[in-house]
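Each remark here refers to the structure printed beneath this line.
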Amino acid sequence: MTLCMSFFSSAFAGGLLTNTNQNVTFLRNPARDAAIGIDGVYSNPAGVIFLGEGFHLSLNIQNAHQTRTVSSWCDLYKMGLSNNNSSFKEFEGEADAPIIPSLLAAYNKGNWSFQFGFAITGGGGKCTFDHGIPTFESSIAGIAYKLNSLALINENLGVSAYDMNAYMQGRQYYYGFTAGAAYKVSDNLSVYGGLRLLYGSASYKATVNNIKVKTLAGVLPFNTYLDNANNIVAGGLTAVNNGIEQVQAGIAQYESAGMPVPSELTAQLADLQQKRGALQGAEQSIDMLEPYRDGINLMCDQTAWGVAPIIGIDYKTGNLNLAAKYEFKTRMRMKNKSTVKATSLIPAVNKFKDGEKVAEDSPALLTIGAQYCILPSLRVMAGWHHYFDVDTKQNTKDMLGDSNEYLFGAEYDICKKLEVSAGMQRTEYDLSDAGINDLSFNVSSYSVGFGLGYKVNEKVKINAAYFQTFYDDYNKAKDAAGVTNSFTRTNRVIGVGVDLKF
C-alpha cells in the first residue's frame with residue numbers, strides 16, 4: 001500500500017515538492033521571474049534593490065482547493081460485494097488549504113537590500129480519500145482471490161467475494177524561511193545571496209477495516225473466517241498426521257517381517273504426505289494474514305529540516321530587464337514516529353516504520369526570466385523554470401528527466417491607481433510508470449491566472465487574484481497485479497494581499 005508523501009507535496013503550483021505561488025502577485029501573473037516588486041524576495045531577489053530605499057512589506061493570504069482522481073480497472077474488483085460486478089472504480093481525494101499565509105520583507109539602503117521571506121514552500125494542505133485508494137482495494141481483492149485456492153483443501157475455505165471499508169488522509173507542510181541580501185553593483189546590475197531554511201512536518205492516517213469475505217458458510221467477518229480456517233486446517237493436519245502414523249506403522253510391520261510393502265500402502269502414504277504439505281502451505285498462508293485480521297491501522301508523523309543557499313542576478317538595459325535565480329537542493333530526511341513497529345508484508349508500509357528516515361529532498365531550481373516595457377503602462381514578461389528532480393532522493397529517482405515550466409504574462413496600468421495582469425504557465429513532468437502510483441502522482445498541466453492591483457496611496461497597494469490549473473491525464477500500463485490506473489487532478493487558488501512601503 002503505497003503511501004508516498006509527494007502526492008501531497010505540491011498543493012498549488014510548481015514542481016515536485018515546490019510551491020512557486022508564494023505571493024498573490026504570482027496568482028495574477030505567474031511570469032514574475034524578472035519583474036521588479038516586493039514579491040521578488042522569492043521570484044527575483046536580486047531585482048528588489050531597484051524598488052528604491054525604505055522598508056517594503058508584503059502580507060498575503062491564499063485559499064486552495066484541489067481534487068485528485070484515480071480511475072482504476074481491475075478484474076478482481078468484480079469480487080467486491082459493493083462493486084456491482086464491475087471491474088471499474090473511481091477513487092477521489094479532496095485537498096484543502098483554507099489559509100496559506102506568506103510574508104515578504106525588504107529593507108533597502110544605499111546599494112544594499114536586506115530581505116526576509118516566510119511561506120509554505122511545499123505542501124500546504126490536507127488530502128482525504130474517504131473510500132481509500134486503488135492499492136487498498138486491489139490488495140484486499142487479491143487476498144480474496146488467493147483464498148480461493150484453499151477450497152482445494154476444504155470447500156468451506158473457498159472465498160468468492162469480499163467487502164471492506166477504507167480511508168486515507170495525508171497532510172504535509174514545508175515551512176520555508178529565507179534570508180539574504182542583494183547588492184547593486186551598478187545602476188544596471190545587482191546580485192543576491194541568501195539561505196533558505198525548510199522545516200517539514202507531515203502526518204498520515206490509513207485504515208482498512210470491516211473486511212468481510214463470502215464463503216459457502218455465508219458472508220463472514222475476516223477475523224471469523226481466519227478462526228474457522230485455523231480450526232479446519234488444524235483439524236485436517238491432525239487427521240492427516242494420524243493417518244500417516246497408521247500407514248507408516250503398517251509399512252513398518254511388512255518391513256520387519258521381510259515382506260514386500262503393498263503398493264496400495266505406499267500410494268496411500270504419498271497421498272497423505274501430499275495433503276499434509278498442502279495443509280501446511282495453507283497454514284502458512286493463514287498465519288501470514290493473521291496481522292491483518294482486524295484490518296490495517298497506520299498513523300505516522302514525520303519531521304525534518306534542511307538548509308540550502310540561493311543566488312541571483314538582475315540586469316537592466318533600456319526597457320528590458322533580465323534576471324536569473326538558482327536555489328540549491330535542500331537535503332531532507334523525514335523521521336517517522338509511527339504505529340508501524342514491525343516489518344510489514346506490504347513493502348510500502350515499511351516506509352512508515354517507526355524510527356525510519358525517509359528521503360524527501362527539495363530539488364534544486366533554476367529560474368530565468370525577462371520583462372519588457374512596450375509602453376510605460378504595458379509590460380510583458382516570460383520565464384523558464386528547471387527543476388533538477390532526478391538529482392534528488394525521493395520518488396523522483398524513477399523520473400525519466402527533470403521537470404520544466406514555461407511562463408508568459410502581461411501587466412497593464414489602466415490608470416495611476418489600478419493595474420490588471422494575467423498570465424499562464426505550462427508545467428511538464430517527465431515521469432515513467434515506475435514513478436507514479438495512486439498516492440504519488442503529479443501530472444503535467446496548464447495554469448492561468450489573472451487579477452488586479454489597486455494603489456490606495458503611494459504606500460499601500462492591494463492585490464487580488466484567481467488561479468486555475470488544468471491537468472493532463474496520465475494513463476499507466478497494467479501492473480503485475482492486473483490493475484490499470486488513470487490519474488488526473490483539479491486545482492484552483494484565490495488570494496488577497498497588501499503591499500506596504502515605509
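The values are calculated or read from the model by the stated rules, or taken from the named source; none is laboratory data. Remember, it's a predicted structure, so these values are computed and weren't measured experimentally. Virtual Cβ from ideal backbone geometry, glycine too; neighbours counted across all protein chains shown. Side chains are part of the model used for accessible areas, which takes the heavy atoms of the whole protein and leaves out ligands, DNA and RNA. Shrake-Rupley method; radii C 1.70, N 1.55, O 1.52, S 1.80 Å.
Tabulated values for the structure
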{"quantity": "Some residue of the stretch 474-489 being hydroxyl-bearing (Ser, Thr, Tyr) and either modelled with pLDDT under 90 or over 19 Å from residue 68 (Cα atoms) (or both)", "calculated": "no"}
{"quantity": "Test: residue in the stretch 84-106 that is among the acidic types (Asp, Glu) and closer than 26 Å to residue 424 by Cα", "calculated": "yes"}
{"quantity": "Boolean, residue 132 is on the phi > 0 side of the Ramachandran plot and either out of contact with any strand residue (DSSP E or B) (no Cβ under 6 Å at 6 or more places or on another chain) or among the acidic types (Asp, Glu) (or both)", "calculated": "no"}
{"quantity": "All positions within the stretch 282-295 that are open to solvent by less than 30 Å² (accessible area, probe 1.4 Å) and either without any contact (Cβ under 8 Å) to a residue 60 or more places away in the chain or in contact with a strand residue (DSSP E or B) (Cβ under 7 Å, 6 or more places away or on another chain) (or both)", "calculated": "295"}
{"quantity": "Residue among 243, 277, 250 that is in a helix (DSSP H, G or I), open to solvent by less than 50 Å² (accessible area, probe 1.4 Å) and within 30 Å of residue 342 (Cβ to Cβ)", "calculated": "277"}
{"quantity": "Residue in the stretch 448-464 that is hydroxyl-bearing (Ser, Thr, Tyr), under 19 Å from the mean Cα position of the chain (by Cα) and in a strand (DSSP E or B) present", "calculated": "no"}
{"quantity": "Unique residue being hydroxyl-bearing (Ser, Thr, Tyr) and closer than 29 Å to residue 470 by Cα when the list is 71, 113", "calculated": "71"}
{"quantity": "In the stretch 304-316, the residues that are surrounded by 14 or more Cβ atoms within 10 Å (Cβ to Cβ) and not hydrophobic (A, V, I, L, M, F, W, C)", "calculated": "306, 312, 314, 315, 316"}
{"quantity": "Matching residues, the stretch 454-492, being of a type in the set (A, V, I, L, M, F, W, C), touching a helix residue (DSSP H, G or I) at 6+ places or on another chain (Cβ under 9 Å) and over 23 Å from residue 21 (Cα atoms)", "calculated": "477, 481, 483"}
{"quantity": "Strands (runs of 3 or more DSSP E) wholly inside the stretch 293-384 that include at least 1 residues being among the aromatic types (Phe, Trp, Tyr) and modelled with pLDDT of 90 or more", "calculated": "296-317, 320-327, 365-375"}
{"quantity": "Matching option when the condition is modelled with pLDDT under 95 and either of a type in the set (Gly, Ala, Ser) or buried (at least 24 other Cβ atoms within 10 Å of the Cβ) (or both), among 40, 15, 47", "calculated": "15"}
{"quantity": "Single match in 233, 213, 208 (criterion: surrounded by 18 or more Cβ atoms within 10 Å (Cβ to Cβ) and either under 30 Å from residue 311 (Cβ atoms) or modelled with pLDDT under 90 (or both))", "calculated": "208"}
{"quantity": "Some residue of the stretch 466-476 being β-branched (Val, Ile, Thr), in a strand (DSSP E or B) and farther than 20 Å from residue 410 by Cα", "calculated": "no"}
{"quantity": "Neighbours by Cβ (under 9 Å, 6+ apart or cross-chain): first from the stretch 67-78, part of a loop (DSSP other than H, G, I, E, B); second buried (at least 17 other Cβ atoms within 10 Å of the Cβ) and among the basic types (Lys, Arg)", "calculated": "74/89"}
{"quantity": "Selected residue (only one of 99, 120 is open to solvent by 40 Å² or more (accessible area, probe 1.4 Å), in contact with a strand residue (DSSP E or B) (Cβ under 7 Å, 6 or more places away or on another chain), at negative phi and β-branched (Val, Ile, Thr))", "calculated": "99"}
{"quantity": "Residue list for the stretch 112-131, filter: within 20 Å of the chain's Cα centre (by Cα) and either among the polar types (S, T, N, Q) or under 26 Å from residue 19 (Cα atoms) (or both)", "calculated": "119, 120, 121, 122, 123, 124, 125, 126, 127, 128, 129, 130"}
{"quantity": "Criterion (farther than 30 Å from residue 42 by Cβ, crowded, with 17+ Cβ neighbours inside 10 Å, aromatic (Phe, Trp, Tyr) and in contact (Cβ under 8 Å) with a residue 12 or more places away in the chain) met by exactly one of 352, 388", "calculated": "352"}
{"quantity": "Residues located in the stretch 70-96, provided they are of a type in the set (Gly, Ala, Ser), over 18 Å from the mean Cα position of the chain (by Cα) and crowded, with 19+ Cβ neighbours inside 10 Å", "calculated": "80"}
{"quantity": "Matching residues in the stretch 83-135 - criterion: being farther than 30 Å from residue 161 by Cα and assigned to a loop (DSSP other than H, G, I, E, B)", "calculated": "110, 111"}
{"quantity": "Candidate set from the stretch 435-464 (those that are in contact (Cβ under 8 Å) with a residue 60 or more places away in the chain and open to solvent by 40 Å² or more (accessible area, probe 1.4 Å)); member that is farthest from residue 94 (Cα to Cα)", "calculated": "452"}
{"quantity": "Sole exception among (1) under 30 Å from residue 330 (Cβ atoms); (2) modelled with pLDDT of 90 or more for residue 268, by number", "calculated": "(1)"}
{"quantity": "Top-ranked residue of the stretch 435-487 - restricted to ones that are out of contact with any Phe, Trp or Tyr (no Cβ under 9 Å at 6 or more places or on another chain) and charged (D, E, K, R), ranked as farthest from residue 61 (Cα to Cα)", "calculated": "479"}
